Structure formats: structure tokens, C-alpha cells
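Working notes for the structure below.
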Amino acid sequence: GGKLGKASGAAVAAGVLNGTDTGLTGQEKAMAEWARKIARNPNATTPADIRALRDSGLDDEQIFAITAFVALRLAFAIVNDSLGAQPDAQLALSLPQQVREAVTYGRCAG
């Protein structure tokens, strides 16, 4: 969220984290949708999802890189969640408030 916020602005970054793709290009929307599908249920992705990424202008190498990046971030998040780890205050405070409000850290009540 922080890197996206610096590249695109806090409102766009918070929107992407919340599932709103306002302000994104067609290719960016395709990447955001793909990342959300991987995060929610990677077994539910389809060849049509890959085709949408290709149709947006991404090649197979780029699609693989995006997929691997999202998977690695998820793995890191699982480690942190399992241990109940929270980001350092300095890191959290360095993020725009809109991004901080869009992100849930640690274990969710359930």
C-alpha cells in the first residue's frame, strides 16, 4: 500500500486495497483484479483470467512475476498473522492515513 500510494496517490492506493479501481488504467485494473483473485481464492482462477491479463498487454513473463510477487506477499502475511506480529509504529505512521485505514493487520476476530 505504501509503495502504491507513493506511485499513484493515497486515494488510488486505498481504493485498490478496498476493491475500487477508480483512476487505474485498463492494464492496472487487470493486475489489481488478478491480485485480488489470487489473494481470495487462487484455485478459482481460470484461463479467462489469464486471457484478460494478456488482452491488457501483459506477457506471460509479466503475469508470472505478478503472480509470484502476490504469492510471496501472502506467504509473508501468513507468517506475520500466525505470530500475531504487527508492523512497527514507524512503518505504519509512514503510510498515508487512507492506506492505513484500508489495511487490516494481524489476526481478524472470527
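Positive-end ranking of Ala77, Ser56, Ala35 along the dipole of the range 7-107, with charges on Cβ about the Cα centre, is headed by Ala77. Charged side chains reduced to their Cβ positions (Lys and Arg at +1, Asp and Glu at -1) give the chain a dipole of some 240 debye around its Cα centre.
Above 12 angstrom, tally the Cα pairs of the range 1-50 and express them as a % of all pairs, no decimals. Every Cα pair in the range 1-50 considered, those over 12 Å come to 64 percent.
Rounded to the nearest percent, how much of the accessible area of the chain (1.4 Å probe, protein heavy atoms only) is carbon and sulfur?
Whole-percent figure for carbon plus sulfur exposure: 57.
Within the chain, the selection of entire DSSP H helices by a Cα span of 18 Å or greater along the long axis and an average Kyte-Doolittle value of at least 1.6 returns an empty list.
Within a straight-line Cα-Cα reach of under 13 Å, Lys37 can be paired with the following aspartates and glutamates, leaving aside sequence neighbours fewer than 8 residues apart in one chain: Asp49. Percent relative contact order of the chain, based on C-alpha pairs within less than 8 angstrom and at least six residues apart? 35 percent.
Out of every Cα-Cα pair that the chain contains, those further apart than 18 angstrom amount to 56 percent.
The values are calculated or read from the model by the stated rules, or taken from the named source; none is laboratory data. Small disclaimer: the values here were computed from a predicted structure and weren't measured. Here the Cβ is made from the backbone with ideal geometry for all residues, glycine too, and neighbour counts use every protein chain on show. We work out accessible area using only protein heavy atoms, side chains counted, and drop any ligands, DNA or RNA first. Shrake-Rupley method; radii C 1.70, N 1.55, O 1.52, S 1.80 Å.
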